[in-house]
1. Give the residue from P241, L145, G197 lying farthest towards the positive end of the charge dipole for the stretch 140-276; charges sit on Cβ (+1 for Lys and Arg, -1 for Asp and Glu) and the dipole is referred to the Cα centre.
2. Let me see the P(r) profile for the stretch 136-183: every Cα-Cα distance counted, bins of 5 Å, each bin given as a percent of all pairs.
3. Taking Cα centroids, how far is the stretch 387-444 from the stretch 294-344 in Å?
4. Using only the alpha-carbon atoms of the stretch 288-446, report the extent along each of the three principal axes, biggest first, to the nearest angstrom.
5. In vacuo Debye scattering of the chain, one point per C-alpha: log10 I(q)/I(0) at q = 0.06, 0.08, 0.14 Å⁻¹?
6. Which value in deg cm²/dmol, rounded to the nearest 500, describes the helix-derived mean residue ellipticity at 222 nm for the chain, given -39,500 (n - 2.57) per DSSP H run of n ≥ 4 and division by the residue count?
7. Out of the DSSP beta bridges found with both residues in the chain, what percent are antiparallel (nearest 5)?
8. Relative contact order, percent, of the stretch 321-446 when contacts are C-alpha pairs under 8 Å separated by at least 6 residues?
Amino acid sequence: MSAIPRRRTTAVGMAAVVALGVIAVPAHAHGDRGAPPPLAQVPASVETPSLFDDEAGGNANADDPAIWRNAKDPDRSLVIATAKEGGLRVYDLDGRQVQSVPAPPPPREGDAAGRFNNVDLISGLRFPDGRHDVAVVSDRGRDQLRVYRIDAGRTGAPLVDVTDEAAAPLVFSADPDEVADQRTAYGLAAYTDRRSGRSFAVASRRHATALALAELLPTPQGKVGYRTVRTTSLPASFPLPDGRTWTPCNEPGELPQVEGMVVDPDTGDLYAGQEDVGIWKLDADLRSPARLIEKVRSFGVPGTWNPQTEECDAGADPGFGGRHLSADVEGLTIWRDARHPRRAGYLLASSQGDDTFAVFDRERGDRYVRGFRITAGDRPGAPDGSQECDGAAVMSAPLGRRFPNGLLVVQDGANTPQTTGPDGEARTDTDFKFVDLGRLARAVRL
């Protein structure tokens, strides 16, 4: 038997028709017929300094970016990104590090330290002294959310921790002892409800299918706490067209988790990437049934966990999978069309299993448009491409002279050339790549 193709984690994935009120889209929906158009190739313009996931590098591992636009001076816009145990990194538009924010220490001896997994932004959160933009982070190590005010006047340290420690409860765990199992806050998407003006974050749970909605609550002291509003869970098993029930293969005790998520600011829809399954769409308030709108290629493939290889041994492919995404489904981000503001724009998804990205047209029912690959530039010293991409963020508004047509930032999970340590061993080297959005639009013909 062959191993199921995967990146990062050891599971297989994808679903068809779903029970419990969840609606699924059949394979090859959205009018996908015939051979897909060839993948566009677009080079990265900028890359950030390497992060190394070892003791010498502070166990820093690039994961998820967000783009903050400085409305008063777009040239001074920032990229805020997670580095797991390495906390947060802040970069300017030339990819230079502006600030490093450490993850918090363990609350008790023997507890896990902070581990920042995903980040998203809220524009204009209301504080007692006015509105401020904030970055919201999922702390996988401590099962909490953390909030950082963005202060453009602090040029060397624009992020200020405003987390209200007294009002930052565990997101999923029942008590601190359960946090040690690390089934904790993982993926994250933040948004402001257009009707009420209240701001929220949706968090997913590691090794589970649960989602939690938390309301952000600024305090009179200028801090931010939160409260859980409601939770829901996506399916873990799926009935197949041939009458069988399929459960994605994972390590025993683990369920197919969600990480990449984004909220559509125009509709209030949440897109959630269940890594081994596909992309779900539901109301961001978690009240509606979820619809499975895109499936990974390995949907329905049976798998058996192999404890010797710590991978899933794959059976025969029954042919129920999608055509555009290879597990894991990772970074999801909304590309709003700045040239045509009345158009809904696009959803971008990282297809981690084959190092590509997929573009879906939100105006045409999330129909697949085209795929692309981020490649190395052809000039000396140009950045390499992006492989095994976890997180992605796009900003279509102009970002000064460097990116007048907007910017796409993606994580590179296998940065090259690879660096070796003192013992000659290769170091885990990750970073972020910046892609000119105008160049990408031309490459994918949008």
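Read the figures in this text as sums done on the coordinates, not as results from a lab. Every value quoted in this text rests on a predicted model; they were computed, and no experiment measured them. Cβ sites come from the backbone with ideal geometry, for glycine too, and all protein chains shown count toward neighbours.
1. G197
2. Calculated over all Cα pairs of the stretch 136-183, the distribution is 5, 21, 24, 17, 13, 9, 6, 4, 0 percent.
3. About 21 Å separates the Cα centre of the stretch 387-444 from the one of the stretch 294-344.
4. Rounded to whole Å, the extents work out to 53, 51, 28 Å.
5. So the normalised log intensities work out to -0.23, -0.41, -1.42.
6. Rounded to the nearest 500, the figure is -500 deg cm²/dmol.
7. Within the chain, antiparallel bridges account for around 95 percent of the total.
8. After rounding, I find 18 percent.
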